[in-house]
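Written below as structure tokens is the structure these notes are about.
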Amino acid sequence: MPFRLFDAPEREPSQFVGFAGNRIDRQAENRTDDALDQALADPATRLILTRGGRLYLKLEAGRFDPYFDRASALALEAAFERGVLLGMSAAGPVVAAPAGLDPEALPEGIKAIDHRSVYVQGLVGEETLGEIAQGTALLSWHSNHRFCGRCGAATEPRIGGYKRVCTACGAELFPRTDPVAIMLAVTRDRCLLGRSPHFTPGMYSALAGFIEPGETIENAVRREILEESGIRLGRVVYHASQPWPFPHSLMIGCFGEALSEDVAFDGKELEDCRWFTRAETLAILAGTHGSVTCPPPAAIAHHLIRAWAESD
């Protein structure tokens, strides 16, 4: 049978992970210096407000609504001038902006909930969660790039928040995305899972690490697995990716073919690392293993583990 380049599932694996449901039309080619002002003048514009890693939500009829109109956002002291235009949704423009009102002094019916809890508890829909990832990543980048790395002068936002320009030397800065390799080392019947000290009790996951400058994804996967577990990998294949706005990463999920099986970790990054059989892994996914759990279904690690465990 001839090789077909685009043989793939009807719905690509990346569409099943958390923060990947963004349907915003970013309109990158139409961004102008007055794009944000135009959006804020549009009565159809909806605003997403955050402060200190927490998302502001309206509680209405037992449901959480993350969108505010201009008047409601103004009441929460939104910093419109520091906002970013995410793009166009089916309902109109969407803007993310920092809120000024203290999370501990919000009016009745408004809650400030940290982004991880919004994600883990499923408080908003997949599409909205994707917009939150886009907005919070951009706002985080802006807060950390207020001054020029070349001359130290103040920088100002341009083109709706997708660029900053130095007021002195004219240097241009653009939003960053930090690539992170997350990988599952596997044999025919076993997969390698590790446990970090900051995980919830009993949780094991795929290993992960930042991709370094001048490094391919495949080599980063091999290096990180070797550094953290002592396992050497051969072939590496890509599976899926996940936007991760903590603060602005892209998780790149891969499988690695284990060439060795003797685990040797130094205990600095991991407090445990070991092999699990396919039967054990299926029990972990089903919640029947007993002492061991894995990340929730929205996490890319969960999808890597499940994809391997349920494969032929």
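Worth pointing out:
- Given charges at Cβ of Lys, Arg, Asp, Glu: the chain dipole, positive-most of Leu285, Leu193, Pro66: Pro66
- Within region 189-291, the trypsin sites (Lys or Arg not before Pro) that combine a DSSP coil assignment with at most 11 other C-beta atoms in a 10 angstrom radius are Lys268.
- Simple Cβ-charge dipole of the chain, Lys/Arg +1 and Asp/Glu -1, about Cα centre, in debye nearest 20: 120 debye
- Put in line by how crowded their Cβ is, counting other Cβ atoms within 10 Å and starting with the fewest, Ile113, Ile284 read Ile113, Ile284.
- Alpha-carbon Debye profile of region 178-309, log10 I(q)/I(0) at 0.15, 0.21, 0.22 Å⁻¹: -0.65, -1.35, -1.48
- Where a label projected 7 Å from the Cα of Asp272 along Cα→Cβ would reach, residues of region 160-203 with amide N under 15 Å: 192-203
- Across all directions, the average projected area of the convex hull around the alpha carbons of region 78-139 is 4.9 nm².
- Cut-off 15 Å between beta-carbons: net charge of the residues surrounding Leu270, Lys and Arg +1, Asp and Glu -1: -4
- Here the ratio of the Cα radius of gyration of region 248-312 to 2.2 N^0.38 Å is 1.23.
- Mean ellipticity per residue at 222 nm, deg cm²/dmol - from DSSP H runs of n ≥ 4 across the chain, formula -39500 (n - 2.57): -6500 deg cm²/dmol
- Treating r as the C-beta distance of Ile217 and Asp312 and R0 as 35 Å, the FRET efficiency rounds to 0.90.
- Under 14 Å, Cβ to Cβ, from Leu173 - net charge with Lys/Arg +1 and Asp/Glu -1: +4
- Between region 123-199 and region 35-85, the Cα center-to-center distance that results, in Å: 21 Å
- Only Cα pairs under 8 Å and 6+ residues apart enter the sum, and on that basis the relative contact order of region 175-312 stands at 31 percent.
- Exposure proxy for Met251, Met203, Met183: other Cβ atoms within 10 Å of each Cβ, ordered fewest to most, give Met203, Met251, Met183.
- Only one residue of Cys273, Ala153, Ser311 has its Cα farthest out toward the positive end of the dipole of the chain, where Lys and Arg carry +1 and Asp and Glu -1 on Cβ, and that residue is Ala153.
- Over the chain, all Cα pairs binned in 10 Å intervals from 0 give whole-percent P(r) values of 6, 23, 29, 23, 16, 4, 0, listed from short to long.
- With Cα atoms as the point set, region 13-143 shows a radius of gyration and Dmax of 13.9, 41 Å.
- Mean projected area in nm² (Cα convex hull; one quarter of hull surface) for region 7-80: 8.2 nm²
- Under DSSP loop assignment and at most 11 Cβ neighbours within 10 Å, longest GluC sites (Glu not before Pro)-free interval of the chain: 109-309
- Within-12-Å neighbourhood charge of Glu212 [Cβ basis; K, R +1; D, E -1]: -3
- Restricting the chymotrypsin sites (Phe, Trp or Tyr not before Pro) of region 189-259 to loop positions (DSSP other than H, G, I, E, B) with no more than 14 neighbouring Cβ atoms within 10 Å leaves nothing.
Every number in this text was worked out from the coordinates using simple rules, so none of it is lab data. For clarity, every value in this text was computed on a predicted model and none was experimentally measured. FYI the Cβ positions are ideal-geometry reconstructions off the backbone, even for glycines, and counts take in every protein chain you see.
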